[in-house]
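Below: the structure, in C-alpha cells.
The values are calculated or read from the model by the stated rules, or taken from the named source; none is laboratory data. The structure presented is a predicted model; accordingly, all values stated were derived computationally and were not measured. As a convention, Cβ positions derive from the backbone with ideal geometry for all residues, glycine included, and neighbour counts pool all protein chains shown.
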Protein chains: 2
Amino acid sequence: MSDEPSAADEIMDGVYRALRAHGYADATMQDIADECSKSKSLLHYHYDTKEDLLVAFLDHVISDSERRIAAHADDPPAERLAGFIGWFVFERQAVDREAFHIALLELRTQGPFNEPIREQLVRSDRLLRGTVVDILESGIEAGVFRDVDVEETAALLVATLDGARTRQITLSGGADDAADGEGFGRDRSDDSSPDDSSPDDSSPDDSSPDDSSPDDSPSGTFDAADRPEPTYTRAVAEATLRRIVDPLLAEGVELPSLEVGIAEMAPEGGGRTENGDADE
Amino acid sequence: MSDEPSAADEIMDGVYRALRAHGYADATMQDIADECSKSKSLLHYHYDTKEDLLVAFLDHVISDSERRIAAHADDPPAERLAGFIGWFVFERQAVDREAFHIALLELRTQGPFNEPIREQLVRSDRLLRGTVVDILESGIEAGVFRDVDVEETAALLVATLDGARTRQITLSGGADDAADGEGFGRDRSDDSSPDDSSPDDSSPDDSSPDDSSPDDSPSGTFDAADRPEPTYTRAVAEATLRRIVDPLLAEGVELPSLEVGIAEMAPEGGGRTENGDADE
C-alpha cells in the first residue's frame, strides 16, 4: 500500500513523457507503459482506458499547480501577480515544455466531446481565474492595487497569457527551431526513444543559427531568425505588465519585475514538474 | 476551366462541413467528398493527401479573412479596431462556429510537425498582427490614438482575443450546452449527417434551459448556467475595450462600441463564410 503513491507518480511521469514524445492522439497505453517501465497490463489494472488515464493525469497536473500556487499564497500580492504572469513565459530553450503543452492543447480540443476531460478543464479555469481574483483581492485589501473589477481582470489576464502560449507553441518551428537537440519533433515512429527522463530545459542548442531560408522564416516581431527577439509569451507578458498590471497599481506602488516573477514560479529543480507545470 | 473555381469552392465548403462534423483528426477524404457531393477520386485528383487539402483549405480561409479585412480598410480606425475585437466574439448560439474552431485548434496543434501547416499559421499570425498594426498606425496618424508601441499592442490584442476564443471553445459543454439543436456534438459514427449546408448561426435553441445538474455546471463567471452571463469571448472583448483600447485613445475620442464592431465584421449573410470567418 505504501508503494502505491510512488507507482502512481511513476505512471504520471510516463504519461508526461509519452505525451511529449507522441502527442495526445498518437500516444498509446503501450507508449505510456514503456515510458514508465511498467507493463501495459498494470496500467490497465489501474485505468480501464487511455482516456481514464489521461483524465487522472490532468487531475495530477492541476493538483500540482494548486500546490505550487498555494506555496506562494503569502507572498506580497504584486509579486504573486508577476509570478503568475511569469509562469506563462516560455523561453526559446523550453522545447520539452512546448512539446508537452502542444499535447495538452490537443487534449483540450477534446473538452466539448468528453465530459471527464471538460470537468478537468473547467477546474483548471476556475483555479487560474480564482488565483488571480485572490491575488487582486489581497492586493486591494493591502492597498497595493486599486479597487478594480477583479473577475474581469482575471478573465482578461488568463485569456491573454493562455493565448500567447497557444500562439507561441503552435507557431513554433519545433525541431527546426531547436537545431540539433532533442528538439520539438515527435518520435512518430515505433522505435521507442531513448530514456529522456533527465530534464534538459537548459539545452545549449538555443543559440544555433536557424538554417531555414529567409523566405521561410517569419518576418514577424517574435519569430524572426535573429534570436535576441523575445518569444511570443515573453513579449506578451511584458506588455501585460505595462498595459494591464501597471494601471491596477495604487499610487506609488512600483511595477513588479517579470524576471522576479519568472524566478518565483520556477520549479525547485528536477523531475517532471520542471516541465509539467502546465495548468491544463 | 471556368467551372474550376466553383468546384474548388464546393470542395472548400465540404472541408468546412467535414471539419465541423468530424474534427481534424477524424475527418477522412471520404467524409469531405460526401460533404461536397464529389467523388473521393476527384478530390485525390486535385489534392494528393488529406494534408494537402487541409493546407489548401487554410489558405482559402486566410484569403477570405484578408478580403474581409481589406473591405474595411477605409473605415475609421477606432471602428476598425472595435470590428477586429468584435470578430472574436462568439455568442452562445454560435455552435457551428465553435465546432469549426475546435477543429481548427486541432489543426493548429500540427503546426510544429508540419511545415506547410505552420506556414499558413505564420501567415495568419502576420495577417492578424499586421491588421492591428495598420489600424493603430492609421489612427495615430489621424490623431485618434496616442503614439503607442503598435507592435506590442498588436501582439497583446491578438493573444488576448485568441486566448479568449480558445478558452471558450474548449470549456464549452458542446452538445449539452446547445440543448436539442444540431449542437456541438460531432457525428463520430459513420452514418453520415443530413445535409446541413444551410447556415443556422441564429439557432433559437439558445434559450433552452441547460439540463445538467448543478454540480456539473461550472460556477465560474462566464459559464454559469444562468444565460444572461456573457460568453468568455464577449466578457474578454469588453474588458479589452475598457482596459487595453480605452488607454490608447487620444484625448476626447470616444470608446468605440463593441456592438457596432460585431455588426461591422458580421458576414454579409449565407454560405460558408457565415461561420468560416476564422483566421486560422
Only one of (1) more than 12 Å from chain B (Cβ to nearest Cβ); (2) of a type in the set (A, V, I, L, M, F, W, C); (3) in contact with a Ser or Thr (Cβ under 9 Å, 6 or more places away or on another chain) does not apply to A:LEU105, and that is (1)
Conditions: (1) within 14 Å of another protein chain (Cβ to nearest Cβ); (2) out of contact with any Lys or Arg (no Cβ under 6 Å at 6 or more places or on another chain); (3) over 21 Å from A:LEU241 (Cβ atoms). A:GLU141 meets all but one. Number of the miss? (1)
Of (1) within 9 Å of chain B (Cβ to nearest Cβ); (2) over 28 Å from A:GLY23 (Cβ atoms), A:ARG129 satisfies all except one. Which? (2)
Residue pairs meeting the criteria (Cβ under 6 Å; at least 6 apart or on separate chains; first over 9 Å from A:VAL144 (Cα atoms) and more than 9 Å from every other protein chain (Cβ to nearest Cβ), in region A:242-255; second among the small types (Gly, Ala, Ser) and surrounded by fewer than 15 Cβ atoms within 10 Å (Cβ to Cβ)): none
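When you scan region A:65-74, do you find a residue that is within 26 Å of A:ARG97 (Cα to Cα), crowded, with 20+ Cβ neighbours inside 10 Å and of a type in the set (Gly, Ala, Ser), even just one?
Within region A:65-74, one or more residues are within 26 Å of A:ARG97 (Cα to Cα), crowded, with 20+ Cβ neighbours inside 10 Å and of a type in the set (Gly, Ala, Ser).
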By residue number, the members of region B:136-173 that are acidic (Asp, Glu) and either farther than 17 Å from A:ILE85 by Cβ or surrounded by 23 or more Cβ atoms within 10 Å (Cβ to Cβ) (or both) are B:GLU137, B:GLU141, B:ASP147, B:ASP149, B:GLU151, B:ASP162
Would you be able to tell me the number of residues in region A:25-56 that are within 22 Å of B:ARG108 (Cβ to Cβ) and surrounded by 23 or more Cβ atoms within 10 Å (Cβ to Cβ)? 2
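Just for region B:145-159: of the residues that are in a loop (DSSP other than H, G, I, E, B) and touching a residue at least 24 places away in the same chain (Cβ under 8 Å), which one is nearest to the other protein chains (Cβ to nearest Cβ)?
Within region B:145-159, the subset in a loop (DSSP other than H, G, I, E, B) is B:146-149.
This time we only want the ones that are touching a residue at least 24 places away in the same chain (Cβ under 8 Å), so: B:146, B:148.
Working: B:ARG146: 12, B:VAL148: 9 Å.
It comes out as B:VAL148.
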Go through region A:35-63 and give me each residue that's among the aromatic types (Phe, Trp, Tyr), more than 28 Å from A:ARG126 (Cα to Cα) and not in a helix (DSSP H, G or I). none
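Determine, yes or no, whether B:VAL122 is modelled with pLDDT of 95 or more, facing chain A (nearest Cβ under 10 Å) and either in a loop (DSSP other than H, G, I, E, B) or closer than 30 Å to B:GLY252 by Cβ (or both).
On the way: modelled with pLDDT of 95 or more: yes; facing chain A (nearest Cβ under 10 Å): yes; either in a loop (DSSP other than H, G, I, E, B) or closer than 30 Å to B:GLY252 by Cβ (or both): no.
No: the conditions fail for B:VAL122.
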Restricting the first residue to region B:1-24 and requiring it to be part of a helix (DSSP H, G or I) and buried (at least 21 other Cβ atoms within 10 Å of the Cβ), which pairs with a second residue that is polar (S, T, N, Q) and modelled with pLDDT under 95 meet a Cβ separation below 6 Å and a spacing of at least six or different chains? B:ALA21/B:SER193
In region B:93-110, anything part of a helix (DSSP H, G or I) and either small (Gly, Ala, Ser) or more than 9 Å from the chain's Cα centre (by Cα) (or both) is listed as B:VAL95, B:ASP96, B:ALA99, B:ILE102, B:ALA103, B:LEU105, B:GLU106, B:LEU107, B:ARG108
